[in-house]
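Written below as structure tokens is the structure these notes are about.
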Amino acid sequence: MNPTVRSIQEQFPLWRQSAQTDLPVLERNETQVLIGCGTSYYLPQSVAAALNEAGFRALAVPGGEWLHRPESYLPAGTRPHVLAFSRSGESTETVQAAARSRREGLHVTALTCELGSSLAKNADTVLYAPTHPEEGIVMTASASLMLLMGLRLAGLNVTDESIQASEHLLHRAREQFTTAIAGRSHFVFLGAGSLYGIAQEGALKLQEMSLTYTQAYHPMEYRHGPISLVDERTVAVLLYHPDSEDEESKLARDLASKGARVIGFGGPGDVSLELRGDASTRALGVLPALQILGECVAQAKGLDTLTPRHLTKVVTLA
């Protein structure tokens, strides 16, 4: 078992620890702006959707966008609470955006896996989750932990039962992925609502880990043009939303008829894997399985996920 696999399979005790961490209570009359880069931007997309569904006002913005043009996302004069996501706490755009927000008098909360980081030093409140000691360049346990904390801010109750279900899903999925990915080189991730950010994160993980062409879309949007790429080389990873399972099942059948192999999390597919609960519960529960999918594709291609091409553990700009 390589370190990447260990960091994926051994993350669940860290979940239990973070599920018990005291978190602040967000103000419902205050807009929440969630910023980050890469994985740390895709996770906030899911958290923002969950916050909106819970009665808050929230949006996710890339760190560089919030740094340079916040008025493109909120009207001038808006006084939001800024939640900044970064595993290392050193991503240049996120740190600079947090620092600028504080200079402008905004309250900044950092969600990070490094307590003494630059982001932590440029935040008013720090939410800290130590990650797996063997985690490498590709974010695995850290991504799950920051998502867990963010979804808890939106009211998700992370129970031991739900953690066990995610661990069971991880192992069951890994057993079935070998056949599902055989001969396939085009991967599409589909998710709606708070599952959309997770679809984007799944696509990013597989791309980083296996140097494979990936895409991510809302399920129904995929039919409006991108479906033209589907053929016998395609795997469609469909994250079923509990509110739209019927129409997404029809999409799965359509994709299969065009040659795609469908991995259905929470609904039908060539590979069908049980995923229960509301959308936020599913978003957290499915993430480790998507991480191991990237590892499985990388292994099939003979690639080492500890040294992904062109990537570093911390992205900093001079």
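None of the figures in this text is laboratory data; all of them are computed from the coordinates on show. This structure is a prediction, so every number in the text was calculated from the model and none was measured. Here the Cβ is made from the backbone with ideal geometry for all residues, glycine too, and neighbour counts use every protein chain on show.
Which part of segment 203-221 falls in the paramagnetic zone of E247, meaning amide N under 13 Å from the point 7 Å along Cα-to-beta-carbon?
218-221
Give me the distance in nm between label points sitting 7 Å out from Cα along the Cα-to-Cβ direction at K258 and H68, one decimal.
Going from the K258 label point to the H68 one covers 3.4 nm.
Build a GNM of the chain with springs between Cα atoms under 10 Å: which of A60, A99, A84 gets the top mean-square fluctuation?
So, out of A60, A99, A84, the one fluctuating most is A99.
Which value, in debye to the nearest 20, gives the size of the charge dipole of the chain about its Cα centre, when Lys and Arg are +1 and Asp and Glu are -1 at the Cβ?
520 debye
Among 174-185, 159-170, how do they line up by average Cβ neighbours within 10 Å per residue, starting with the highest?
159-170, 174-185
Take the Cα radius of gyration of the chain and divide it by 2.2 N^0.38 Å, with N its residue count; two decimals is plenty.
0.95
In the chain, which whole DSSP H runs stretch at least 20 Å along their own axis (Cα) and average -0.5 or higher on the Kyte-Doolittle scale?
Once both thresholds are applied, what remains is 39-53, 196-210, 279-300.
Charges on Cβ only, +1 for Lys and Arg, -1 for Asp and Glu, centred on the Cα centroid of the chain; of V108, Q96, L169, which one is farthest towards the dipole's positive end?
With unit charges placed on the Cβ atoms, the residue in question is Q96.
At a Förster radius of 51 Å, what calculated FRET efficiency corresponds to the Cβ-Cβ distance of T179 and L115, to the nearest 0.05?
On the way: r = 43 Å, r/R0 = 0.84.
Computed FRET efficiency for T179 and L115 comes out at 0.75.
Calculate the FRET efficiency for R79 and R16 from the Cβ-Cβ distance with a Förster distance of 51 Å, rounded to the nearest 0.05.
0.90
Given the C-alpha centroids of segment 43-108 and segment 199-230, what is the distance between them in whole angstrom?
25 Å
How high is the relative contact order of the chain, in percent, counting Cα pairs under 8 Å that sit 6 or more residues apart?
Reported as a whole number, the value is 20 percent.
Note down the magnitude of the dipole of segment 3-154 about its Cα centre, charges +1 on Lys and Arg C-beta and -1 on Asp and Glu C-beta and zero elsewhere, to the nearest 20 debye.
It works out to roughly 180 debye.
At q = 0.09, 0.14 Å⁻¹, work out log10 I(q)/I(0) for segment 160-301 with the Debye formula, treating every Cα as an identical point scatterer and leaving solvent out; two decimals please.
Each listed q corresponds, in turn, to -0.22, -0.55.
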